[in-house]
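The values are calculated or read from the model by the stated rules, or taken from the named source; none is laboratory data. Note that the structure is a prediction, hence the values are computed from the model and not measured. So basically every Cβ, Gly included, is an ideal-geometry build from the backbone, and we count neighbours across all protein chains shown. These accessible areas exclude ligands, DNA and RNA; they are computed on the full protein's heavy atoms, side chains included. Shrake-Rupley method; radii C 1.70, N 1.55, O 1.52, S 1.80 Å.
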Amino acid sequence: GKLHSTRLLTMEGNLPAMFRPFCPVRCIHMLEHVVVDAEAQTMEVRAHNINMASVLEAVSASDYRPTSANSTNYHINITVRAFPNRKRRASSGAAGEAVEKTGYIAGKLESWVAKKLL
């Protein structure tokens, strides 16, 4: 059979100052699902955030599979999107400058979270 595990994880830490207006909380809660197949010697790990979903969407998927008697292949895929409900489109004038600034902040937030997940 397979072992299934679900855990609630908390990532805490000081956010960089530029993100604080968008992230009023100091911790991000993530739900992690793990499936271990002892017979096949595989493990799959999936995690995603459950709070601040309108500000940040972070998904991590990891797979561990044997490649030989003494070796394991590890693969991880991390997807991070800041402001996932916002339409990403170009605008002109003052609105365009606001979209450009928000896009810059979104990129920085995505990069910061991805580094924390690795």
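Observations, loosely collected:
- Filter result for ASN85 (surrounded by 11 or more Cβ atoms within 10 Å (Cβ to Cβ) and not in a strand (DSSP E or B)): no
- When GLU39, GLU32, GLU57 are screened for being acidic (Asp, Glu), within 12 Å of the chain's Cα centre (by Cα) and over 17 Å from LYS115 (Cα atoms), only GLU32 passes.
- Residues (without any contact (Cβ under 8 Å) to a residue 24 or more places away in the chain and open to solvent by 70 Å² or more (accessible area, probe 1.4 Å)) located in the range 21-36: PRO21, PRO24, ARG26
- Selection status of ALA47, in contact with a Leu (Cβ under 8 Å, 6 or more places away or on another chain) and modelled with pLDDT of 80 or more: yes
- Note on the range 1-20: residues that are in a strand (DSSP E or B) and either open to solvent by 70 Å² or more (accessible area, probe 1.4 Å) or among the hydroxyl-bearing types (Ser, Thr, Tyr) (or both) total 9.
- Residue within the range 66-79 that is in contact with an Asp or Glu (Cβ under 7 Å, 6 or more places away or on another chain), exposed (fewer than 15 other Cβ atoms within 10 Å of the Cβ), in a strand (DSSP E or B) and modelled with pLDDT of 85 or more present: yes
- Some residue of the range 96-111 being surrounded by 11 or more Cβ atoms within 10 Å (Cβ to Cβ), in a loop (DSSP other than H, G, I, E, B) and at pLDDT below 80: no
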